[in-house]
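Visitor: What follows is a single structure, and I will ask about it in a moment.
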Amino acid sequence: MGIDFHSSKNSYSYTTRTADESWREAVKKLVPLKGIKILDVGCGGGIYTKALSLLGASEVVGIDFSKAAIKAARENCHEYKNTSFEHGSAYETGQQSGSYQVVLERALIHHLDDLTKCFEEACRVLEKNGIFIVQDRTLEDCLLEGNDHHIRGYIFSQFPELIEKERNRRHGSQAVKEALKDAGFTHVEEVKLWETRKIYEKKEQLLQDISDKIGRSILHEIDDQKLTTLVQFLDAKLPDGEIIEKDRWTIWKAVKE
């Protein structure tokens with residue numbers, strides 16, 4: 001059935017987390033952030049819009065196709081005066097050409113079919129020598145073996161039918177690089193990142209998040225009976241103490257000539 005990103009309930013489920021230090025450090029190594037203007041395309045609940053503000057950006061504008069997500073993001077970031085949010089899409093952001101120094105698209109491109117069109121729009125709104133940061137999971141990232149940290153791997157081992165779903169929506173690294181070059185970007189660089197998703201003091205907290213499908217769009221592809229089976233499997237598989245959940249991501253950095 002898939003997740004409904006226009007639902008207020010689902011939109012607010014993506015405001016409860018904060019950007020992990022592992023992500024912040026990775027981004028700081030890729031691009032200077034202090035005093036620059038950034039466009040966060042596919043901002044969702046504003047988690048990373050807020051993080052970019054805290055890292056020293058002079059202004060961060062968040063764009064999302066979901067009006068419910070924009071509403072949630074505004075509430076999530078209301079204390080940060082250098083952030084603002086507007087309704088738009090990755091294909092038509094509605095932003096002025098050459099008006100940003102950095103564009104971020106995190107966890108977005110697996111929702112899109114036309115990468116080149118999306119990347120051309122990012123190129124348009126960037127100023128000359130502006131930097132484009134794309135972050136998403138490849139199929140390889142998703143299907144790494146499950147363990148006490150990589151919970152996502154257990155989901156696919158239990159429900160291999162979901163692999164085809166991922167195969168159909170995940171873009172390969174080479175396809176992303178080619179689309180970036182086709183859109184006019186140069187100096188394409190690829191980085192792998194193990195990003196800490198969340199630290200749970202107890203296993204029960206993780207199991208509750210799984211049961212509630214908090215921030216996990218893939219769980220909206222299985223019914224309640226399968227979800228119960230997954231929770232039971234994880235309960236038996238995982239230790240009782242602290243769990244540091246991590247996901248592996250691929251980040252592509254590109255420069256507009």
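The values are calculated or read from the model by the stated rules, or taken from the named source; none is laboratory data. These figures come from a predicted structure and were not determined experimentally. Cβ atoms come from the backbone with ideal geometry, glycine included; neighbour counts cover every protein chain shown. Calculation scope for accessible area: heavy atoms of the full protein, side chains included, ligands and nucleic acids excluded. Shrake-Rupley method; radii C 1.70, N 1.55, O 1.52, S 1.80 Å.
Visitor: Counting other Cβ atoms within 10 Å, which GluC sites (Glu not before Pro) in the range 18-79 have at most 11 and lie in a DSSP loop?
Guide: E79
Visitor: With the dipole of the chain worked out from charges on the C-beta (+1 for Lys and Arg, -1 for Asp and Glu) around the Cα centre, which of L219, H187, Q232 lies farthest toward the positive end?
Guide: Selected residue: H187.
Visitor: What accessible area per residue comes out for the chain, rounded to a whole number of Å², with a 1.4 Å probe? Don't skip to the answer; put the middle values down first.
Guide: Working: 11850 Å² over 257 residues.
For the chain, the per-residue accessible area is 46 Å².
Visitor: What does the charge dipole of the range 21-256 about its Cα centre add up to, to the nearest 20 debye, if the Cβ of each Lys and Arg holds +1 and the Cβ of each Asp and Glu holds -1?
Guide: Working: 35 positive and 40 negative charges, 147 e Å.
Magnitude of the dipole: close to 700 debye.
Visitor: Among DSSP beta bridges whose residues both lie in the chain, state the antiparallel percentage, nearest 5. Can you show the working numbers first?
Guide: Working: 19 of 39 bridges.
Roughly 50 percent of the DSSP beta bridges within the chain come out antiparallel.
Visitor: Less than 12 Å apart at the alpha-carbon level, and either on another chain or at least 8 residues along: which aspartates and glutamates does that give for K203?
Guide: Answer for K203, where 12 Å is the Cα cut-off: D148, D235, D240, E242, E245, listed by chain and number.
Visitor: In terms of Cα to Cα distance under 27 Å, which lysines are near enough to K81, apart from those fewer than 8 places away along the same chain?
Guide: Those lysines meeting the cut-off are K9, K28, K29, K34, K37, K50, K67, K71, K128, K198.
Visitor: A further question follows. Tell me what the chain gives for mean residue ellipticity at 222 nm when only DSSP H runs of n ≥ 4 count, each as -39,500 (n - 2.57), the sum divided by the residue total, rounded to 500 deg cm²/dmol. Numbers along the way, then the final one.
Guide: Details: 11 runs with 100 residues, N = 257.
Calculated mean residue ellipticity at 222 nm is -11000 deg cm²/dmol.
Visitor: Rounded to the nearest 0.05, what FRET efficiency do Q208 and D148 have when you use their Cβ-Cβ distance and R0 = 22 Å? If you can, show how the numbers build up before the last one.
Guide: Working: r = 17 Å, r/R0 = 0.79.
After rounding to 0.05, the efficiency reads 0.80.
Visitor: Then there is this: Please list the non-local residues whose amide H lies under 5 Å from the amide H of F85, H modeled 1.01 Å from N, same-chain partners needing a gap of 5 or more.
Guide: Under 5 Å from the amide H of F85 lie the amide H atoms of G62, each far enough along the sequence or on another chain.
Visitor: Whenever you get a sec, line up D209, D240 from highest to lowest accessible area (probe 1.4 Å, protein heavy atoms).
Guide: D240, D209
Visitor: Apply the a/c threshold of 1.5 to the C-alpha gyration tensor of the chain and tell me whether it is rounded, prolate or oblate. Intermediate values should be presented prior to the final figure.
Guide: Working: a/c = 1.77, a/b = 1.53, b/c = 1.15.
Judged from the Cα gyration tensor, the chain comes out prolate (a/c at least 1.5, a/b above b/c).
Visitor: Answer rounded, prolate or oblate for the range 64-203, using the Cα gyration tensor with square roots of eigenvalues a ≥ b ≥ c: rounded when a/c is under 1.5, else prolate when a/b is larger than b/c, else oblate. Each step should come with its number before you reach the end.
Guide: On the way: a/c = 1.98, a/b = 1.33, b/c = 1.49.
Cα axes put the range 64-203 in the oblate bin.
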